[in-house]
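Colleague: Take this structure, written in structure tokens, and hold onto it; I'll ask about it next.
We did not get these values from a lab; they are worked out from the coordinates using the rules stated. Since this is a predicted model, take the numbers as computed values, not measurements. FYI the Cβ positions are ideal-geometry reconstructions off the backbone, even for glycines, and counts take in every protein chain you see.
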Amino acid sequence: MSWIDIGALDDIPQRGARVIKTQVGCVALFRTGDDQVFAVSDTCPHKGGPLSEGIVHGHKVTCPLHNWVFSLETGEAQGADSGSIPTYPVQVEAGRILLDATTLAKRSAA
Amino acid sequence: MQKLVVIGAGMASGRVLEHLFETAPDAYDVTLFNAEPRGNYNRLMLSPVLSGEKSYAEIVTHDDDWYSANGVTCRFGEAVVKIDRDRKVVVGQNGEVPYDKLVIGTGSAPFIIPLPGKDLPEVITYRDLDDTNAMIEAAARPGSRAVVIGGGLLGLEAAAGLRMRGMEVTVLHLMGHLMERQLDEAAGYLLKKDLEDRGITVLTRASTKAILGDGKVEAVLLEDETVLEADLVVMAVGIRPETRLAKDAALAVGRGVEVNAQMQTSDPDVLALGECVEFNGQLFGLVAPLYDQAKVVASTLLAEPAAFVTKELSTKLKVTGCDLFSAGDFAEAEDREDIVFRDPARGVYKRLVLKEDRLIGAVMYGDTADGSWFFGLIKDGTDVSEMRDTLIFGPAYQGGAAVDPLSAVAALPADAEICGCNGVCKGQIVTAIEGGATDLGMIRATTKASASCGTCTGLVEQVLAVTLGDDFVLPAAQSVCGCTDLTHEDVRRLIKSQALKSQPAVWQELGWSTPNGCHVCRPAINFYLLADWPLEYQDDPQSRFVNERNHANIQKDGTYSVMPRMFGGITTAAELRAIADAADKYNVPTVKVTGGQRIDLLGVKKEDLPGIWYDLNAAGMVSGHAYSKGLRTVKTCVGTDHCRFGTQDSTGLGIKLEKLLWGSWTPHKVKLAVSGCPRNCAEATCKDVGIICVDSGYQVGVGGAAGMDLKETERLCDVPTEEEALEVTAAFVQIYRENAKYLDRPYKWLAKVGLDWVKAQVVDDLENRRALAARFELSQTVYRKDPWAPLAAKAESFAPLADLTLEAAE
């Protein structure tokens with residue numbers, strides 16, 4: 001793993017998200033109400049809605065287009081909907097958000 | 001005898017000496033340095049000293065007799081200048097002392113925010129007895145005011161102590177709730193409420209900009225330009241390990257002085273413990289691990305094997321009357337389960353966090369009697385699957401009933417208002433029930449409760465159920481969402497009657513079953529709070545749907561549409577030119593004339609939004625709120641200005657209406673139109689409010705729709721003057737804002753409450769009409785503002801946080 005500094009925790013509002021552009025497409029960084037950070041794909045598998053614009057509740061996000069709900073931990077769609085979004089390793093250290101560069105470059109290398 | 005030098009007479013080093021003298025009184029000749037001009041005392045007890053519940057003498061742990069009995073050379077009031085490891089001497093201000101072993105216990109230093117005014121004499125921290133005495137002295141001056149920056153453990157203890165000594169105290173906290181590291185939102189809300197009950201003002205999300213004063217502290221200025229008068233400022237925003245001596249002596253220092261499990265630094269003859277050390281990447285601020293470290297230091301000094309291990313910690317706040325407890329890890333996670341218990345009447349909140357049948361975290365407020373039992377379960381990793389159903393009730397629990405969904409209503413006091421229209425309290429309804437009124441119809445007949453607009457029907461039924469028990473069958477009602485059993489109407493009523501002014505207040509007092517709601521209830525509660533408490537409640541962007549958060553309409557490809565306001569559908573050549581320039585500059589693919597008489601720019605990228613807003617703002621245009629559950633547009637015809645049939649200035653009235661109403665948030669979107677004559681070219685009869693001008697004045701219709709349902713407006717009233725038309729419209733919009741369910745258009749809400757009730761409130765009761773219009777205007781002082789301008793200044797928050805595609809290409 002090679003951890004790279006993406007930005008400060010405070011760059012993301014609580015119960016909010018910011019997007020980063022990567023080789024594997026847009027990745028959404030979520031900060032939940034309890035100050036944990038999750039990195040998942042920004043794209044809803046249903047109709048491509050930007051998940052970073054959804055309402056964050058608990059460790060879940062609701063897609064702004066058609067209200068699909070995803071677990072930020074597993075990436076699995078909740079309830080009756082089925083589908084999942086990729087999740088990426090992320091960690092917060094001393095108020096900085098670190099992402100693993102190797103997993104984000106994987107697909108382009110293949 | 002070997003020589004031992006100890007730097008710092010804190011709680012940890014005091015314990016080291018105790019253990020040392022107990023086990024081997026003759027092993028070392030000890031010299032103790034302390035920068036403070038006194039020996040060891042119990043710093044944890046400074047809060048009772050500040051509040052006046054204890055004196056300094058009572059908290060001294062080691063006195064002069066003890067030091068002399070154990071042969072300790074005391075160098076109090078003398079700072080250590082440096083440690084010379086080559087010569088093995090410690091250099092004090094008054095001379096050198098050689099050592100064979102050295103213990104560093106320099107503790108921590110308070111963090112000072114680099115604000116303008118931080119060096120004024122009345123700006124103090126809260127670490128030692130001198131700070132405490134300075135606060136006691138300041139509080140002695142009658143009528144003096146204190147501002148405490150920082151709502152963590154120390155800040156709140158300082159605030160409570162100063163308040164007990166009679167000061168006016170305001171606590172400023174940067175985060176959304178108090179003690180965010182130890183408490184979750186719900187417990188933080190209850191703590192805030194308790195502190196406010198004892199007269200302390202608590203401002204959360206409060207960022208300090210400067211401390212004002214010429215030679216002495218006069219006031220504190222916040223980022224939002226609020227000015228708080230102050231005679232004393234206590235800065236309690238955090239601490240950092242005091243490592244300067246260790247660093248100068250070239251010992252390994254990270255965030256703190258690095259030590260191994262034997263508490264040795266990178267030099268085996270130099271040990272360190274307490275708040276100044278870092279062990280396995282961890283720092284220490286609470287006293288329990290410090291005492292464990294002290295034991296290890298004593299053993300290492302006596303060459304006995306010992307190792308320090310970190311343990312689970314629990315926190316309690318030492319403010320008399322605020323019962324809170326937190327322990328372990330209470331963050332949410334996929335493999336964890338919450339057990340939540342709320343008792344709104346007693347102000348009790350308990351949350352247990354379970355993982356794989358083991359308790360890993362607990363937060364409690366109001367009733368912490370079982371805290372040590374839960375803490376024991378966490379430390380021991382006990383399997384709790386057997387007692388899971390009753391776990392939250394504590395060790396004394398002996399069987400019992402399930403949690404009652406009616407508990408929120410049962411907990412209401414007798415004087416809680418249930419029916420706002422007729423001013424009926426819970427107590428009156430209970431009296432009526434006890435007098436023989438056993439169903440809704442009889443309650444309406446005897447008390448008038450729920451006999452007017454009917455929105456409190458659900459609550460009246462719950463009072464019936466609570467009072468009659470099994471004799472009353474509660475009709476099934478649609479709750480807001482899975483987080484609560486209450487309906488929208490119930491929640492609205494309770495927000496008003498219980499004066500709930502924050503989302504955590506609603507979650508706690510109304511017994512929400514989730515920690516922070518869901519995508520269904522959050523936007524609704526956010527609207528109810530801002531509609532009912534425009535001055536007190538601050539809108540929460542994270543509880544809004546994307547369009548309202550980004551102030552633009554998201555399209556199916558993730559781009560946005562941008563629509564500037566054109567008051568009354570009137571524009572100018574200059575505005576059109578600016579719109580055309582913006583369309584060119586940002587490569588807008590589609591420019592559309594809308595049904596609401598304005599121009600829509602479709603296909604704008606998110607990162608371009610701040611730029612296009614800035615350009616449109618510069619041309620004098622503001623957001624058209626084409627995305628909001630709020631006022632959209634006022635459509636007009638040209639009226640008497642140009643039309644040969646026009647009876648009144650319909651365009652002028654439309655502009656005045658839009659200037660009056662714009663920026664307001666409503667339960668659903670609100671569209672208006674004004675036609676200059678009954679030919680109705682502005683199609684006013686299918687709007688939420690539609691005005692038709694006639695020779696004798698203005699016909700005001702309400703409750704029209706031309707969407708999924710097609711509905712013609714119904715006549716609210718006819719008024720002779722433009723002023724009255726404006727006032728009636730504002731009053732109607734306000735009564736809709738105050739009463740309707742979130743996402744009910746006016747026609748849906750009118751079908752529930754009846755046009756007659758609205759007429760009685762808005763048309764017939766002139767005094768009430770004016771009061772409604774005045775409340776609308778009060779709210780508009782906050783919300784009649786362009787949301788684009790402040791966001792255009794924060795362009796960076798609309799751009800991606802990082803672009804890794806560029807880095808990877810290098």
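Colleague: Explain nothing, just the number: relative contact order of the range B:631-783, from Cα pairs under 8 Å at least 6 residues apart, as a whole percent.
Modeller: Numbers: 314 pairs, mean separation 29.9, N = 153.
Normalised by residue count, the contact order of the range B:631-783 is 20 percent.
Colleague: Here's something else I'd like to know. Fully extended, how many nm does the chain gain between B:Ala410 and B:Glu196 (0.36 nm per residue separation, minus their Cα-Cα distance)?
Modeller: Values: separation 214, 0.36 × 214 = 77.04 nm, distance 2.47 nm.
Contour length minus the Cα-Cα distance gives 74.6 nm.
Colleague: Still on this structure: Can you give me the orientation-averaged projected area of the convex hull built on the Cα atoms of the protein assembly as shown, in nm²?
Modeller: Values: hull surface 185.1 nm².
Average of the hull's projected areas for the protein assembly as shown equals 46.3 nm².
Colleague: A follow-up question, please. Kindly provide the helix-only [θ] at 222 nm of chain B, computed as the sum of -39,500 (n - 2.57) over DSSP H runs of four or more divided by all residues, to the nearest 500 deg cm²/dmol?
Modeller: On the way: 27 runs with 257 residues, N = 810.
So the calculated ellipticity at 222 nm is -9000 deg cm²/dmol.
Colleague: Relative to the Cα centre, what is the charge dipole magnitude of the range B:275-346, using +1 at the beta carbon of each Lys and Arg, -1 at the beta carbon of each Asp and Glu, and rounding to the nearest 20 debye? The partial results should precede the final answer.
Modeller: Numbers: 7 positive and 13 negative charges, 92 e Å.
Its charge dipole is roughly 440 debye.
Colleague: Still on this structure, please answer the following. Could you compute the FRET efficiency for A:Ala8 and B:Met175, with r as their C-beta to C-beta distance and R0 at 22 Å, rounded to 0.05?
Modeller: Numbers: r = 15 Å, r/R0 = 0.67.
Calculated transfer efficiency: 0.90.
Colleague: Residues of the range B:746-763 with backbone nitrogen within less than 19 Å of a virtual label 7 Å along the Cα-to-Cβ line of B:Ser696, please, listed as ranges.
Modeller: B:763
Colleague: Along the Cα→Cβ direction, 7 angstrom out, place labels at B:Ile570 and B:Ala799. What is the inter-label distance in nm?
Modeller: 4.0
Colleague: For the protein assembly as shown, with only Lys/Arg (+1) and Asp/Glu (-1) charged at the beta-carbon, what is the dipole magnitude about the Cα centre, in debye rounded to 20? Mind dumping the intermediate values first?
Modeller: Working: 92 positive and 125 negative charges, 490 e Å.
Dipole size: approximately 2360 debye.
Colleague: Would you kindly state how much longer the chain becomes between B:Tyr614 and B:Thr382 on full extension, computed as 0.36 nm times their sequence separation minus their alpha carbon distance, in nm to one decimal? Write out the running numbers ahead of the final one.
Modeller: Values: separation 232, 0.36 × 232 = 83.52 nm, distance 5.96 nm.
The B:Tyr614-B:Thr382 span can extend by a further 77.6 nm.
Colleague: Further question on the same structure: So if I take the centroid of the Cα atoms in the range B:99-131 and the same for the range B:464-534, what is the distance between those two points in Å?
Modeller: Spelled out, the Cα-based centre of one part sits 46 Å from the other.
Colleague: Considering only the other residues whose Cβ falls under 14 Å of the Cβ of B:Glu22, what net charge follows from Lys and Arg at +1 and Asp and Glu at -1? Intermediate values should be presented prior to the final figure.
Modeller: Numbers: positive: B:Arg15, B:Lys295; negative: B:Glu18, B:Asp26, B:Glu304.
Here the count lands on -1.
Colleague: Quick check: Cα centre of the range B:624-667 to Cα centre of the range A:5-45, how many Å?
Modeller: With the range B:624-667 and the range A:5-45 each reduced to a Cα centre, they are spaced 41 Å.
Colleague: Given an 8 Å cut-off on Cα distances and at least 6 residues of separation, report the relative contact order of chain B as a percent.
Modeller: Reported relative contact order: 7 percent.
Colleague: For the range B:1-107, which GluC sites (Glu not before Pro) pass both filters: DSSP loop (anything but H, G, I, E, B) and at most 14 other C-beta atoms within 10 Å? Intermediate values should be presented prior to the final figure.
Modeller: Values: sites: B:Glu18, B:Glu22, B:Glu53, B:Glu58, B:Glu78, B:Glu96; in loops: B:Glu53, B:Glu78.
Answer by residue number: B:Glu53.
Colleague: What would the Debye equation give as log₁₀ I(q)/I(0) for the range B:723-810 at q = 0.26 Å⁻¹, counting only Cα atoms as equal point scatterers?
Modeller: The calculated log intensity ratios at q = 0.26 Å⁻¹ are -1.25.
Colleague: Output the Cα-based Rg and Dmax of the range A:1-109 in Å, rounding Rg to one decimal and Dmax to a whole number.
Modeller: That works out to 13.1, 39 Å for Rg and Dmax.
Colleague: If R0 is 22 Å, what FRET efficiency do you get for B:Glu137 and B:Glu53 from their C-beta distance, rounded to 0.05? Spell out each step's value before the answer.
Modeller: Details: r = 18 Å, r/R0 = 0.81.
Efficiency for this residue pair is about 0.80.
Colleague: How big is the dipole moment of the range B:191-247 about its Cα centre under a simple scheme where the beta carbon of each Lys and Arg is +1, that of each Asp and Glu is -1, and everything else is neutral? Debye, nearest 20, please. Spell out each step's value before the answer.
Modeller: Working: 9 positive and 11 negative charges, 102 e Å.
Result for the range B:191-247 is approximately 480 debye, rounded to the nearest 20.
Colleague: How large is the translational diffusion coefficient of chain B in µm² per second when you combine the Kirkwood radius over alpha carbon pairs with Stokes-Einstein at 37 °C and 0.692 mPa s? Write out the running numbers ahead of the final one.
Modeller: Values: Rh = 31.4 Å.
The estimated diffusion coefficient comes to 105 µm²/s.
Colleague: If each residue of separation counts as 0.36 nm, what is the full-extension length gain between B:Cys481 and B:Lys209 once their alpha-carbon separation is subtracted?
Modeller: Numbers: separation 272, 0.36 × 272 = 97.92 nm, distance 4.03 nm.
Difference between extended and current length: 93.9 nm.
Colleague: Here's a follow-up. Are there trypsin sites (Lys or Arg not before Pro) in the range B:709-810 that DSSP marks as loop and that have at most 16 other Cβ atoms within 10 Å, and which are they?
Modeller: Numbers: sites: B:Lys711, B:Arg715, B:Arg737, B:Lys741, B:Lys748, B:Lys752, B:Lys759, B:Arg769, B:Arg770, B:Arg775, B:Arg784, B:Lys785, B:Lys794; in loops: B:Lys741, B:Arg784, B:Lys785, B:Lys794.
Answer in residue order: B:Arg784, B:Lys785, B:Lys794.
Colleague: Next question, about the same structure. Mind pulling the per residue volume of the convex hull built on the Cα atoms of the range B:323-393? Å³ is fine. Please list the in-between numbers first.
Modeller: Details: hull volume 5.6 nm³, N = 71.
Expressed per residue, the convex hull around the Cα atoms of the range B:323-393 is 79 Å³.
Colleague: What does the charge count near B:Gly199 come to, summing +1 for each Lys or Arg and -1 for each Asp or Glu among other residues with Cβ under 15 Å from its Cβ? Provide the component values of the computation, followed by the final result.
Modeller: On the way: positive: B:Arg145, B:Arg163, B:Arg165, B:Lys192, B:Lys193, B:Arg198; negative: B:Glu168, B:Asp194, B:Glu196, B:Asp197.
In short, +2.
Colleague: Normalised by the number of residues in chain A, what is the relative contact order in percent for Cα pairs under 8 Å and 6+ residues apart?
Modeller: 29
Colleague: To the nearest 10 degrees, how steep is helix B:185-197 against the longest Cα principal axis of chain B, on a 0 to 90 scale?
Modeller: 90
Colleague: A further question on this structure: Taking the Cα atoms only, what angle lies between the long axis of helix B:521-532 and the longest principal axis of chain B, rounded to 10 degrees?
Modeller: 80
Colleague: Mind pulling the angle between the C-alpha long axis of helix B:129-139 and the longest principal axis of chain B? Nearest 10 degrees, somewhere in 0 to 90.
Modeller: The angle comes out at about 40 degrees.
Colleague: So which trypsin sites (Lys or Arg not before Pro) in the range A:47-103 are both in a DSSP loop and have at most 12 other Cβ atoms within 10 Å of their Cβ? Display every interim value, and only then the final one.
Modeller: On the way: sites: A:Lys47, A:Lys60, A:Arg96; in loops: A:Lys47.
When the trypsin sites (Lys or Arg not before Pro) of the range A:47-103 are filtered for loop state and at most 12 Cβ neighbours within 10 Å, A:Lys47 remain.
Colleague: Let me ask something else about it. Give the list, by residue number, of cysteines in chain A with no other Cys Cβ closer than 4.7 Å, or say none.
Modeller: A:Cys26
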